[in-house]
Each structure stands twice: as structure tokens, then as C-alpha cells.
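Contents: one structure, followed by commentary.
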Amino acid sequence: MFEDVFAVQRRKMSLTPLIDVVFILLLFFMVATSFSQHRDVSIALAGTGAASTPLTRSFVIVTVLDGTTASVNGIATTIESITLAIDAAARDAEETVVLVRTQGGTSMQDLLSVIEAARRANVHAVALVN
């Protein structure tokens, strides 16, 4: 008589809530994970390694006067021959910086022609100054 009252009824455990929780955790970790690759860059500090010699840096000042003429370090030249003039002015330096100044009536095309001339002379550091 008392056995029926205290009888434990066993229920089948449903796996649906467990699968739902696992799926939600999977989605959370997929969204939270970064898939980008991080790469290390090794940098040699100034105090380590062999002593380095200072670079011989040369500054070339190019002034664009109008559509056909310019001056390289004060020497007048044409826009077409400015590559040779920059190359001659920066011949002995390990690193060359071209500083480009413009006059009032200089067009953007003239400025870009001077920058392209510096690139053809293997000078990659070009700065515009006022």
C-alpha cells in the first residue's frame, strides 16, 4: 500500500534542451573567435647588433616655376629633363629626399610630373613644402 505512494516515476530525459545549449555555445564561440592571422615582426633595436654607420642623406629642392621650367637646387631645367637633374643631384647619397615647392600658377599636372620624375630617378621620399 505504501509502496505505490512512494514509487518513483522515472521519466525519460529529453536531449533537446541539451542540444540547444550546445548549439548556442557553438554559435557564441564562432562569433567571438577572430579568424585573422597575427604575424610577428622582428625589429632590430638601436642598442643591439653591430654598430651601424649613419646614412648619407641628400636633400634635393625642386621648385616648379610654370608648365615647362623648374629649378633643381637653384639650377634651371625643363620638366622633361628633371629626372636627369634629380639623379645628378642625388648621385653620391645613400638616401635622397626630394622637397618640391611650387609657384602660384603651378598646375597639378606639373606637380605630378615632378613626382613621377623623382620616382624614375629611384627617389621614393618626396615631400611637398610651402
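The values are calculated or read from the model by the stated rules, or taken from the named source; none is laboratory data. Small disclaimer: the values here were computed from a predicted structure and weren't measured. A quick note on method: Cβ atoms are made from the backbone with ideal geometry, for glycine too, and the neighbour counts reach across all protein chains shown.
Numbers for the structure displayed
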quantity	calculated
Region 114-128: number of residues that are assigned to a loop (DSSP other than H, G, I, E, B) and free of Cβ contacts under 8 Å to residues at least 60 places away in the same chain	3
Condition met for residue 20 (over 26 Å from the mean Cα position of the chain (by Cα), closer than 30 Å to residue 111 by Cα and at pLDDT 75 or above)	no
The one condition in (1) modelled with pLDDT of 80 or more; (2) touching a helix residue (DSSP H, G or I) at 6+ places or on another chain (Cβ under 8 Å) that residue 66 fails to fulfil	(1)
All positions within region 87-130 that are of a type in the set (Asp, Glu) and under 17 Å from residue 70 (Cα atoms)	87, 110, 116
Top-ranked residue of region 70-122 - restricted to ones that are among the charged types (D, E, K, R) and within 20 Å of residue 57 (Cα to Cα), ranked as surrounded by the fewest Cβ atoms within 10 Å (Cβ to Cβ)	92
Pair list, Cβ < 7 Å and 6+ apart or interchain, from region 72-87 residues that are under 14 Å from residue 116 (Cβ atoms) to residues that are of a type in the set (Gly, Ala, Ser) and assigned to a strand (DSSP E or B)	79/70; 82/70
